[in-house]
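Comments concern the structure below.
Values in this text are rule-based calculations from the coordinates and carry no lab data. This is a predicted model, so every value here is computed, not measured. Here Cβ is always computed from backbone atoms with ideal geometry, including for glycine, and neighbour counts include all displayed protein chains.
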Protein chains: 4
Amino acid sequence: MQIGLIGLGRMGGNMRDRLRAAGHDVIGYDPRPEVTDVDSLTALAAALTAPRVVWVMVPSGEATRSTIRALADVLEDGDLVIDGGNSRYTDDRPNAALLGEHGIGFLDVGVSGGVWGKENGYGLMVGGSRENVERTMPIFDALRPEGPREEGFAHAGPVGAGHFAKMVHNGVEYGLMQAYAEGFELLSAAELVTNVPAVLQAWSRGTVVRSWLLDLLVLALQDDPTLAKLDDYVEDSGEGRWTIEEAITHAVPLPVIAAALFARFESRQDSSPAMRAVAALRQQFGGHAVKHAVGPSGTPGDIAGPSSGTGSTQG
Amino acid sequence: MQIGLIGLGRMGGNMRDRLRAAGHDVIGYDPRPEVTDVDSLTALAAALTAPRVVWVMVPSGEATRSTIRALADVLEDGDLVIDGGNSRYTDDRPNAALLGEHGIGFLDVGVSGGVWGKENGYGLMVGGSRENVERTMPIFDALRPEGPREEGFAHAGPVGAGHFAKMVHNGVEYGLMQAYAEGFELLSAAELVTNVPAVLQAWSRGTVVRSWLLDLLVLALQDDPTLAKLDDYVEDSGEGRWTIEEAITHAVPLPVIAAALFARFESRQDSSPAMRAVAALRQQFGGHAVKHAVGPSGTPGDIAGPSSGTGSTQG
Amino acid sequence: MQIGLIGLGRMGGNMRDRLRAAGHDVIGYDPRPEVTDVDSLTALAAALTAPRVVWVMVPSGEATRSTIRALADVLEDGDLVIDGGNSRYTDDRPNAALLGEHGIGFLDVGVSGGVWGKENGYGLMVGGSRENVERTMPIFDALRPEGPREEGFAHAGPVGAGHFAKMVHNGVEYGLMQAYAEGFELLSAAELVTNVPAVLQAWSRGTVVRSWLLDLLVLALQDDPTLAKLDDYVEDSGEGRWTIEEAITHAVPLPVIAAALFARFESRQDSSPAMRAVAALRQQFGGHAVKHAVGPSGTPGDIAGPSSGTGSTQG
Amino acid sequence: MQIGLIGLGRMGGNMRDRLRAAGHDVIGYDPRPEVTDVDSLTALAAALTAPRVVWVMVPSGEATRSTIRALADVLEDGDLVIDGGNSRYTDDRPNAALLGEHGIGFLDVGVSGGVWGKENGYGLMVGGSRENVERTMPIFDALRPEGPREEGFAHAGPVGAGHFAKMVHNGVEYGLMQAYAEGFELLSAAELVTNVPAVLQAWSRGTVVRSWLLDLLVLALQDDPTLAKLDDYVEDSGEGRWTIEEAITHAVPLPVIAAALFARFESRQDSSPAMRAVAALRQQFGGHAVKHAVGPSGTPGDIAGPSSGTGSTQG
């Protein structure tokens, strides 16, 4: 079937390729002339035969919201817009309402699979009406992995449910990644295991912890067995934060996902104000040695404390 | 090749089947007459041709240690003992030393795969000398999954490294399970997603969170879509505890694995003394309503507090 | 000085008493006839001499917002409204703006001290203009504890800063309470310490952990040495949740405060869906015994699992 | 009364002063000639009138154990040894048994108060027999703070109970410190509160969170309002680790104390292997930008990633 696709970056570009490979007629729009098929959203609307289906694959937040607003102007009654980006689910109902005023339908789709989706297919979680879902099923079938439809696709519920499910997916993902990462660190810290990458690779088949994320970690370790080439700075794209906020709203305890999120926050701090406060407290009550911050001269901080002796008794 | 196998429970029995299906000559011993091949350890030793290989697959701790001691008596110089149970890695060197006094070799093997291993094969992590590992490789090759050897088998290091790797594997497993569980709970708590099992099933292929544990959760939800038939009481077999203890020894932060372990501890408490203390504090400083414990009559605890009114300002 | 006080519950009523004891002229309003001094907000405004100062001490959220709206109507240019309740700090700027349209000033005040404040005084954190703070200083001086002003009072910053500081105060409070509670539980669990209340009381002076919360816990244990009379159900009033949400906004890791909040969420669950999911996974991969949920007949859940035997090797 | 005191460091030296100020006859021994009263343990034993009481105040672990062994030789039947250091409680029974073979009694005492104890008195938790406790009560009364005995002293239970209680005390202390530290960080991160030290000082009286640790934090902020002079590196003296290990033994969930301990571990890492693993995973599945580690030239790590574009959808 014919589909417009807005946003031809890492994800959108790959999806265009996968959809075309499946025989669909994809007209892509992107502000970058070297990748776009048409010059403008207006040109995209003109190039598509009504009733149109347009898939939006741009960064979440204002970029998506402004794209939706623009589409409300260039599309018309009977068309359908799909937001396949990582929008917060709370954006979906307003977006759907705005489009609905023009008779334009809306689906929100959580898409998982990263850069590997082009080849493997993408896991899809969809929110919206049954009618709109069925109308777009050929596209979903082309994007999802080979195999039974229900193993790579779900109609999760009404508008918002697709992005909600994707948000939770990413929250779970944080927890999974951190669990493997902690295991990697402990294996590395103990000197008993002499070949950490080999152990992780041996977990690839048969074990309880086998997974695609594990496969990726094994891959990463092939190039860099201790990951020494990488900085330990880890960004977050927002969905983990939303997951915790949603958990708080529903009074759901998420200790593991929260710990994984906080570990990322910590990874980005050059100096933790909290831990400076703990150091200050220890110095106050126990006369414990503390490190002074590195001076402007770049000399490493020295250890300062009271004249040592036997017998400190505080923690 | 020929191998003795001690312990024919869920794991050992399945392993005997898998080894025999691969053409190996397995002589099993178990105290239960209905499953054993021989009547005693002495009979087992007699039935095996020297130099013997004996795989021990009994509960960790004293059961394993006493089996090793017994084997030190009935085996002889040149034989080899493999501990494939879930022994704490700190048991391995003493066990190896004891056997070594009699010229008997030792390997420790972490085995993962649960009841599915009979069919899928088991992930194997081995500690010990290269010579002993090579001698037993036909057995390992039969037990591990199909595919490249390194994806289901690793020689992790010297004696102890196999069980150490398995301990960390299980710690990671705790974190993974808890991450999926938290996602399941949040999806269930929000009313937006109308079909939680379908969403989890849709994560099975293509997504970043796909894994074997996810497949098992999908399976469990097919019978019991809200898991209402289950109690929320979760045991632990000890390896998660050892993982945290090892992390403490090495000053490795494991917030996710520790949170997963503590969640299990909490799941087993009828009443948390800590949370009673928090309730007591709230009552003390704020006159907050608290619940009284259920009386012996079984009547539910009532809410008690000072006469209500506007304007409490404490947390 | 003269002040109107809206809300005469646990906190407001005590504050009226403390202010009057300090010689201030307090006119209180509360919908409950038995405690109020005037019949309505209009009557309150009429009874106060302009320029008026009115302290609002009602539950946060809509109750406070609607009171502010009503005051915007009955007060006039030059008056001052103080929100001393537990409003979320994000309410303060809108409330200040609404009142500002009528020429009415605004201060937000975080008040800590609970039911003990009447006697001990209240810790106060204030947000707003220096001018408005100075105007109200006699009230603050009467409410705060004896001693140096800066040890029970702070002008924290502009509008919103008072409630922000109080929100963080309550977040810290969650962490402190949970820390003592965990210590109480561990002391109780080990049989070595034969007199847990005596140990906690011995921490009251001289130790590093001495605090007012500890004093309250000691008090609670005098009546109920194991806290057996209490249920372990712990409510939260919202400020801990806001603290975590704010931390997420600023990418600040708060592992301890989050853990304390989640412990409260867990305390309120009869059955944890997450832990049922973990139980389900253990049953799936390892054939581990699980407990079935209690049936409608009230019979306790039985332990069900595969026929037992030696040698399970999963966590 | 007369007492021998071994170890005249920060704690022991102060305790000698406090005991002498209370009129006790203290004979101190320390290997440092400039502080010691006698030249050797033998000289100490000779200088004390039998039956002797000797207080050991040296670093925990081997230093304490070897001192106990030496005392077993130089003391005699009817004497009493008190271990007031921070020994792990599991050392107490063996130490008591060793001394008991010579007819020498034993008490273990947890001492809290840090460098302030000289002036304020020390909180004391004691393990051992009632008879030995009563014999030493004049010493305990001199060391503990003014006020009711039970507010600074507890006979916690049999041998080991004193150090067990002190271990838990320190675990609680970790949680308390981290709670304040997190609050300090969040107050500092948000720009709304313009005077963070003033807010913390305002918590000193009247509030729910007032405590001695808070007073110390206020003190530390007077010199260094943002604690910028300090490094965020925080040591631990072992008791927090033992607390978690003990919790694991008793299946007691300690999420807050564990989080506080792990925060210290993290504070000491220049680069977290776990977070490098998370970064590696994000790069693998999403083509996310990562930072490369700082090169030997000291140039900061650059951000590397695939050519950017719209539409990444992973976390």
### Task
Compute the long axis of helix D:130-143 from its Cα atoms, compare it with the longest principal axis of the Cα atoms of chain D, and write down the angle in degrees, 0 to 90, nearest 10.
70 degrees
### Task
Return B:Y122, C:Y29 ranked ascending by Cβ neighbour count within 10 Å, so the fewest neighbours appear first.
C:Y29, B:Y122
#### Entry: Label-point gap, in nm, between A:D223 and D:E119 - each point 7 angstrom along Cα→Cβ
5.9 nm
### Query
For chain C, what relative contact order do you get, as a whole percent, if you take Cα pairs closer than 8 Å and at least 6 residues apart?
11 percent
### Message
Using a Gaussian network model on chain A with a 10 Å cutoff between Cα atoms, which of A:A46, A:A190, A:A165 fluctuates the most?
### Response
A:A190
### Task
Give the order of B:M11, D:M275 when sorted by the count of other beta carbons within 10 angstrom, beginning with the fewest.
D:M275, B:M11
### Task
Would you mind giving the mean number of other chain beta-carbons within 10 Å of the Cβ of each residue in A:9-15, as a whole number?
6
### Task
Can you work out the PRE-style zone for D:T249? Point 7 Å along Cα to Cβ, and I want the residues of region C:178-200 with backbone N under 15 Å.
C:186-194
### Query
For the protein assembly as shown, what's the radius of gyration and Dmax over Cα atoms, in angstrom?
33.1, 107
### Task
Quickly estimate the mean residue ellipticity at 222 nm for chain A, helices only: each DSSP H run with n ≥ 4 gives -39500 (n - 2.57), and the total goes over all residues, rounded to 500.
-14000 deg cm²/dmol
### Query
What average count of beta carbons from other chains do you get within 10 Å of the Cβ of residues in A:112-123?
6
### Query
Peptide B:218-228: average number of partner chain Cβ atoms within 10 Å per residue?
3
### Task
Treat the count of other C-beta atoms within 10 Å as a stand-in for reagent exposure and order C:L8, B:L99 from fewest to most.
B:L99, C:L8
### Task
List the pair-distance distribution P(r) of region A:168-231, using every Cα-Cα distance, as the percent of pairs falling in each 10 Å bin from 0 up to the bin containing the longest distance, rounded to whole percents.
20, 55, 23, 2
## Note on the structure
In chain B, taking the dipole from +1 charges on Lys and Arg beta carbons and -1 charges on Asp and Glu beta carbons about the Cα centre, the listed residue (B:Q222, B:I82, B:T36) farthest towards the positive end is B:Q222
### Message
Would region D:2-158 count as rounded, prolate or oblate if I go by the C-alpha gyration tensor, calling it rounded below 1.5 in a/c and otherwise prolate when a/b exceeds b/c, oblate otherwise?
### Response
rounded
### Message
With θ taken as phi - 60° and the coefficients 6.51, -1.76 and 1.60, list the Karplus ³J(HN,Hα) couplings across region A:38-45 in order, rounded to whole Hz; mark glycine and proline as x.
### Response
10, 8, 7, 5, 4, 5, 4, 4
